[in-house]
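Accompanying notes for the structure given below.
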Amino acid sequence: MQIFGSRELMEDVHQRDLCIGCGACVDLCPYFRNYRGKTSQLFPCTLEQGRCYAYCPKAEVDLNELTRITNGADYDGRPLGSYKTILGTRAGENMQGVEAQSGGTVTALLTFAMQTGLIDVAVLTDRQALIPIARMVTDWQDIAACATSKFTAAPTIAALNSAVREGFQSVGVVGTPCQMTAVAQMRSNPLGKPEHTVPVALTVGLFCNWSLDTRRLMSVLSEKMDTAFIRKMDIPPPPANILRIDTKNGPIKISLSEIKPLIPHTCFICMDLTAELADLAVGMYEGRQGWNTLIVRSDTGARLVDRARDAGFIEAAEIPAENKAHLSRAAAEKKERSLRTLIRRELINTENGRRAAVRIPPQIVKRILATDTH
Ligand SMILES: Cc1cc2nc3c(=O)[nH]c(=O)nc-3n(C[C@H](O)[C@H](O)[C@H](O)COP(=O)(O)OP(=O)(O)OC[C@H]3O[C@@H](n4cnc5c(N)ncnc54)[C@H](O)[C@@H]3O)c2cc1C
Ligand code: SF4
Ligand code: SF4
């Protein structure tokens, strides 16, 4: 993996409009800050190599190397990444009364992980009105307060940097696929310094096709409502084609055609729908409201799911083959679409000293482009 400093981070990520505001470069040093969803550099820094560049999920990400370190195998471009099993799940009898996004699987698993000592802190995403906030949660009773999806890109990983600095030893992190890529880079300790060890014990990724720019969403929604009264947001499955916002005065529905222009450009170069570098990945369960689709990838994830099921924290069931096929098709479409954009923008596998956003082996590029997504 090629590692540079903050000057190159500004050139490669900010000037190309690729920053998703994940927070991985925030709170490492005094220079990078996130304010209302946007990450900025306050002062220049002259270090030739920095963790800011090394952790960023949009700068010189060597997917083969990262997948090898995280999953123990080469990156092969399969739509859903490597996994052990896919289940339908929802929060179990021990988690009654939590208002979650769909099945509450994420909140239930994190609560169980903290109650049983697998993690000593959870890195989660809260919000104030529409502004997503990175949170370190140390009491299992506070995990549910961060439930539900904030559909804006969030600086969640800044809280992981804070947790490491404060000396936590077993961190659980929940985040989108780009955030899981940042966490995988952090765990691989790219600069090889013992003091940079990031003790992550559990990663739970969320499926993500796109997110929304916080500031632009604020400007659109503040014309329609008082954003302080938002209770929950949801993007119901097709054919609904809306963003539904529950407020204390009732629901408001906004057409996706009005919302989609607020997607940051960088989401269109993102090849990962299902958080391929996480221990577990969770999304909606199409056709079964109140449930989740759960992809179990690692041994850590599998053990947690088994124990949480036995202890009544989650319920799990088989998922129909047609749901798996549909998810796989959606993931393959995102991969192919984003790969074509990466190629068109000359952001992948660049040569002659030009830095890339992503590197993957050329034969895998060919394989993804040849995948039949219809
Ligand atoms: C931006 C975004 C886009 C998504 N797109 C899809 C999609 O296309 N298809 C699909 O099936 N599912 C998508 N999801 C996932 C889905 O909305 C649910 O998060 C998932 O199904 C888990 O449901 P749950 O009931 O278990 O979550 P809950 O138990 O309610 O827990 C939700 C967790 O998500 C975390 N979180 C909330 N907002 C963010 C954020 N912005 N960034 C990082 N972490 C966050 C919270 O910390 C919390 O722990 C998306 C989520 C987000 C945040
Ligand atoms: S690490 Fe995250 S917040 Fe920082 S520049 Fe990269 S994408 Fe933006
Ligand atoms: S589409 Fe990709 S880059 Fe955009 S928020 Fe989702 S995971 Fe991050």
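Miscellaneous remarks
- The helices (runs of 4 or more DSSP H) found entirely in region 177-294 that carry 3 or more residues being more than 28 Å from residue 109 (Cα to Cα) are 214-221, 256-259.
- Residue in region 81-88 that is in the same structural domain as residue 173 (by TED's automatic domain parsing), in contact with a Ser or Thr (Cβ under 6 Å, 6 or more places away or on another chain) and on the phi < 0 side of the Ramachandran plot present: no
- Unique residue being farther than 24 Å from residue 290 by Cβ and not small (Gly, Ala, Ser) when the list is 247, 266: 266
- Failed item in (1) surrounded by fewer than 17 Cβ atoms within 10 Å (Cβ to Cβ); (2) within 11 Å of ligand 2 (Cβ to nearest atom); (3) on the phi > 0 side of the Ramachandran plot, with residue 27 passing the rest: (1)
- Members of region 116-153 that are at negative phi and in a loop (DSSP other than H, G, I, E, B): 116, 118, 119, 120, 130, 138, 139, 147, 149, 150, 151, 153
- When each of 245, 314, 254, 269 is tested for being surrounded by 20 or more Cβ atoms within 10 Å (Cβ to Cβ) and not assigned by TED's automatic domain parsing to the domain that holds residue 84, the lone residue that passes is 245.
- Region 330-343 residues that are of a type in the set (Val, Ile, Thr), paired with ones that are assigned to a helix (DSSP H, G or I) and surrounded by 19 or more Cβ atoms within 10 Å (Cβ to Cβ) (beta carbon under 9 Å, 6 or more apart): 341/269
- Every residue from region 96-109 that is touching a residue at least 12 places away in the same chain (Cβ under 8 Å) and surrounded by fewer than 24 Cβ atoms within 10 Å (Cβ to Cβ): 98, 99, 100, 101, 102
- Within region 127-167, tally of residues that are within 19 Å of residue 243 (Cα to Cα) and within 8 Å of ligand 1 (Cβ to nearest atom): 10
- Among the criteria (1) under 21 Å from the mean Cα position of the chain (by Cα); (2) outside the structural domain of residue 20 (by TED's automatic domain parsing), the one residue 225 does not fulfil is (1).
- Residue among 338, 298, 328 that is closer than 23 Å to residue 58 by Cβ, of a type in the set (Ser, Thr, Tyr) and either modelled with pLDDT of 95 or more or in contact with an Asp or Glu (Cβ under 6 Å, 6 or more places away or on another chain) (or both): 338
- Tallying residues that are touching a residue at least 60 places away in the same chain (Cβ under 8 Å) and either in contact with a strand residue (DSSP E or B) (Cβ under 6 Å, 6 or more places away or on another chain) or among the charged types (D, E, K, R) (or both) within region 344-361 yields 5.
Matching residues to (1) under 17 Å from residue 276 (Cα atoms); (2) at pLDDT 95 or above; (3) away from ligand 2 (no atom under 13 Å from the Cβ):
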{"site": "31", "(1), (2), (3)": "no, no, no"}
{"site": "53", "(1), (2), (3)": "no, yes, no"}
{"site": "56", "(1), (2), (3)": "yes, yes, no"}
{"site": "62", "(1), (2), (3)": "yes, yes, yes"}
{"site": "65", "(1), (2), (3)": "yes, yes, yes"}
{"site": "68", "(1), (2), (3)": "yes, yes, yes"}
{"site": "71", "(1), (2), (3)": "yes, no, yes"}
{"site": "77", "(1), (2), (3)": "yes, yes, yes"}
{"site": "81", "(1), (2), (3)": "yes, yes, yes"}
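- Residues located in region 289-306, provided they are under 19 Å from residue 96 (Cβ atoms) and either surrounded by fewer than 20 Cβ atoms within 10 Å (Cβ to Cβ) or aromatic (Phe, Trp, Tyr) (or both): 289, 290, 291
- Qualifying residue in region 339-362 (condition: among the hydroxyl-bearing types (Ser, Thr, Tyr) and more than 20 Å from residue 177 (Cβ to Cβ)): yes
- When we screen 17, 74 for residues that are assigned to a loop (DSSP other than H, G, I, E, B), on the phi > 0 side of the Ramachandran plot and either crowded, with 21+ Cβ neighbours inside 10 Å or assigned by TED's automatic domain parsing to the domain that holds residue 329 (or both), the only hit is 17.
- For region 184-214, the set of residues classified as within 12 Å of ligand 3 (Cβ to nearest atom) and closer than 20 Å to residue 281 by Cα consists of 205, 206, 207, 208, 209, 210, 211, listed by residue number.
- Members of region 190-215 found to be without any contact (Cβ under 8 Å) to a residue 40 or more places away in the chain and closer than 17 Å to residue 23 by Cα, listed by number: 198
- Contact map, region 166-177: first residue in contact (Cβ under 8 Å) with a residue 12 or more places away in the chain, second residue among the charged types (D, E, K, R), Cβ cut-off under 8 Å, separation 6 or more or different chains; pairs are 168/120; 169/120; 170/120; 171/120; 177/272; 177/276.
- Put simply, of 129, 159, 163, 144 the only residue that is at pLDDT below 95 and either away from ligand 3 (no atom under 16 Å from the Cβ) or more than 23 Å from residue 259 (Cα to Cα) (or both) is 129.
The values are calculated or read from the model by the stated rules, or taken from the named source; none is laboratory data. Remember, it's a predicted structure, so these values are computed and weren't measured experimentally. Cβ: placed from backbone, ideal geometry, glycine included. Neighbour counts: every protein chain shown.
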